[in-house]
Amino acid sequence: MHDYITKNKERFLAELFELLRIPSVSADPKFKQHVVECAAFVKQSLIVAGCDNAEICETAGYPIVYAEKIIDPALPTVLVYGHYDVQPADPYELWTSPPFEPVIKDGKIFARGASDDKGQMYMHVKAIETLITNNALPCNVKFMIEGEEEVGSDNLGIFLKNNKAKLKADVILISDTCIISNDCPSLTVGLRGLSYLQVEVTGPNRDLHSGMYGGAVANPINVLCEMIASLKDKDGHITIPGFYDTVAIVSDEERAEMAKAPFDLEDYKNALDLSDVAGEKGYSTNERVAIRPTLDVNGIWGGYTGEGAKTVLPSKAFAKISMRLVPNQQSDAMTKLFQEHFESIAPASVKVAVHPHHGGEPVLTSTTSTAYKAASKAFEEVWGKTPIPTREGGSIPIVALFKSELGLDSILMGFGLNEDAIHSPNEHYGVFNFLKGIETITAFYKHYRVLRVACSV
Ligand code: BES
Ligand code: MN
Ligand code: MN
């Protein structure tokens, strides 16, 4: 497979560039036509790769692209999941090249979606092309590529419930996560869950002159800041009563095992231009991201933020707040806990409203399943190293639903790097990772088939 991938490298990259040129931003309705166009592109690319029955499945939102290649119903079936939608590219002025005009610099592809997730999703399309063209596809494969991951996957959840027979498979394969580094491959075995909310603090019924009223009327921005500040204590613990009640305790043995993964705090700080890190007392940087829940303000606004100065005591203040959750915290329950607490700490001088957005449950996958062993062997073969199992801090809410709705485990075989700047300006993805990823995916199918057959005799 290696030779075929090397020979076709330039074409693979040229095709990925075409995909990256489509600004499929799901969050902003301005891009609607491009998101729809992107689904058609993905469908066409799956047909070209050799899939049968490629189709666009309409939903109440953006379409899901489905395709399959069934070589023998008696063989195991791998269901590939990925997303063709991307995050907004803002702020555009911080990009060194335009986000939807991909270029390669220093061996990296720069574009919105290069790593999350178009570049990673497209590896699967090219891996299947490679296997089919070389008469080496060892399993059945189904593709389910959605256009709403970055906005919560609501319609995919419904699609799962309504298409259980169509989606029948043995395992889900996803590349939408990271490895530790190109010298140290890893397999993701955990993702955090999410509760996302918007809060609104209302003071007076109109904006006021900050001299005429300032000091006598509660300023909703000041109040909101105080309320938010009170949500964490000086040790970085979240103060919402009951917040940690259900958090699964990770054993000392497991923490010791996690601590063996290579990590350099100085490099970590330097990469972010930080003189120090911050977080919950008693936990390492990796643990803070991997096994502990947290709460962050994602945006805060109100009053006057334009040019110059306007003296105003605003009527309203807003913030978007996310909580990252770990096993066994439950998204709806945590949202409710936040809402009750936030309303209870509001002073009488303001009104507070909490609006829940999307959520998702945390995931922890097995390291002893046949599919995990196959993924591990694929890394060993292609990277020459056994991948380290790692838990990551990000969320892919649909993964928990794959388990609860379809009864399927997921293999999180991502090839991104933390430095890829996903969701940030100058997102990029290594050409090395793209090509190596394609090869690792082809090796996964091979090992999965062998191990599955070995298990069933
Ligand atoms: N691919 C990411 C999730 C991710 C990134 C997991 C890196 C592990 C490592 C995904 O596209 C994403 O951004 N998810 C969102 C959640 C969603 C509901 C908007 C997230 O984690 O914020
Ligand atoms: Mn993603
Ligand atoms: Mn993302």
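Taking residues in segment 65-91 that are of a type in the set (Phe, Trp, Tyr), and partners anywhere that are within 15 Å of ligand 2 (Cβ to nearest atom) and assigned to a loop (DSSP other than H, G, I, E, B), the pairs with Cβ atoms closer than 7 Å and at least 6 places apart or on different chains are TYR84/SER24; TYR84/GLY147.
Looking only at segment 132-146, how many residues end up being farther than 14 Å from CYS57 by Cβ and either within 16 Å of ligand 1 (Cβ to nearest atom) or in a loop (DSSP other than H, G, I, E, B) (or both)? Residues meeting the conditions: 6. Meeting the requirement of 3 or more residues that are of a type in the set (D, E, K, R) and more than 27 Å from TRP301 (Cβ to Cβ), the helices (runs of 4 or more DSSP H) wholly within segment 210-281 are 252-258, 265-272. Among the residues of segment 388-403 satisfying the criterion of being assigned to a strand (DSSP E or B) and surrounded by fewer than 23 Cβ atoms within 10 Å (Cβ to Cβ), which is nearest to ligand 1 (Cβ to nearest atom)? Only one residue fits best here, namely THR390. Determine whether ALA259 is more than 22 Å from SER186 (Cα to Cα), under 24 Å from the mean Cα position of the chain (by Cα), open to solvent by 50 Å² or more (accessible area, probe 1.4 Å) and not hydroxyl-bearing (Ser, Thr, Tyr). In short, no.
The residues listed here are VAL151, VAL199, VAL171; of these, the one that is within 16 Å of ligand 3 (Cβ to nearest atom) and more than 23 Å from ARG292 (Cα to Cα) is VAL151.
Only one entry in GLU149, GLU129, GLU200 is in contact (Cβ under 8 Å) with a residue 12 or more places away in the chain and within 16 Å of ligand 1 (Cβ to nearest atom), namely GLU149. Evaluate the following for GLU146: is it modelled with pLDDT of 95 or more, over 30 Å from THR367 (Cβ atoms) and charged (D, E, K, R)? Against the criterion (modelled with pLDDT of 95 or more, over 30 Å from THR367 (Cβ atoms) and charged (D, E, K, R)), GLU146 does not qualify.
Only one entry of SER284, SER322, SER315 meets the criterion of being surrounded by 14 or more Cβ atoms within 10 Å (Cβ to Cβ) and under 24 Å from SER186 (Cα atoms), and that entry is SER284. Any residue in segment 406-415 that is within 16 Å of ligand 3 (Cβ to nearest atom) and part of a loop (DSSP other than H, G, I, E, B)? Within segment 406-415, one or more residues are within 16 Å of ligand 3 (Cβ to nearest atom) and part of a loop (DSSP other than H, G, I, E, B).
Each residue in segment 380-402 was checked for being more than 19 Å from ARG324 (Cβ to Cβ), out of contact with any Phe, Trp or Tyr (no Cβ under 9 Å at 6 or more places or on another chain) and in contact (Cβ under 8 Å) with a residue 40 or more places away in the chain, and 4 of them qualify. Restricting VAL289, VAL277, VAL250 to those that are in contact with a Gly (Cβ under 6 Å, 6 or more places away or on another chain), of a type in the set (Val, Ile, Thr) and open to solvent by less than 60 Å² (accessible area, probe 1.4 Å) reduces the list to VAL289. For segment 181-199, the set of residues classified as surrounded by fewer than 17 Cβ atoms within 10 Å (Cβ to Cβ) and not small (Gly, Ala, Ser) consists of ASN182, ASP183, CYS184, GLN198, listed by residue number. For first residues located in segment 443-457 and assigned by TED's automatic domain parsing to the domain that holds LEU75, partners that are open to solvent by 80 Å² or more (accessible area, probe 1.4 Å) and at pLDDT 95 or above and lie 6+ apart or on another chain with Cβ distances below 7 Å form the pairs ALA443/GLU381; HIS447/LYS377; LEU451/LYS373. The selection criterion, being over 23 Å from GLY193 (Cα atoms), touching a helix residue (DSSP H, G or I) at 6+ places or on another chain (Cβ under 8 Å), more than 16 Å from ligand 1 (Cβ to nearest atom) and not aliphatic (A, V, I, L, M), does not hold for LYS351. Just one of the listed residues (VAL450, VAL399) is under 25 Å from LEU75 (Cβ atoms), within 16 Å of ligand 3 (Cβ to nearest atom) and either at pLDDT 95 or above or in contact with a strand residue (DSSP E or B) (Cβ under 6 Å, 6 or more places away or on another chain) (or both), and it is VAL399. Number of residues in segment 368-386 that are out of contact with any helix residue (DSSP H, G or I) (no Cβ under 8 Å at 6 or more places or on another chain) and open to solvent by 40 Å² or more (accessible area, probe 1.4 Å): the value is 3. The conditions of being within 30 Å of GLN120 (Cβ to Cβ) and open to solvent by 10 Å² or more (accessible area, probe 1.4 Å) are met by CYS178.
Residues that are open to solvent by less than 30 Å² (accessible area, probe 1.4 Å) number at least 2 in the following helices (runs of 4 or more DSSP H) confined to segment 1-83: 9-20, 32-49.
The values are calculated or read from the model by the stated rules, or taken from the named source; none is laboratory data. Remember, it's a predicted structure, so these values are computed and weren't measured experimentally. So basically every Cβ, Gly included, is an ideal-geometry build from the backbone, and we count neighbours across all protein chains shown. Quick note on the areas: whole protein, heavy atoms, side chains included, nothing else; ligands and nucleic acids left out. Shrake-Rupley method; radii C 1.70, N 1.55, O 1.52, S 1.80 Å.
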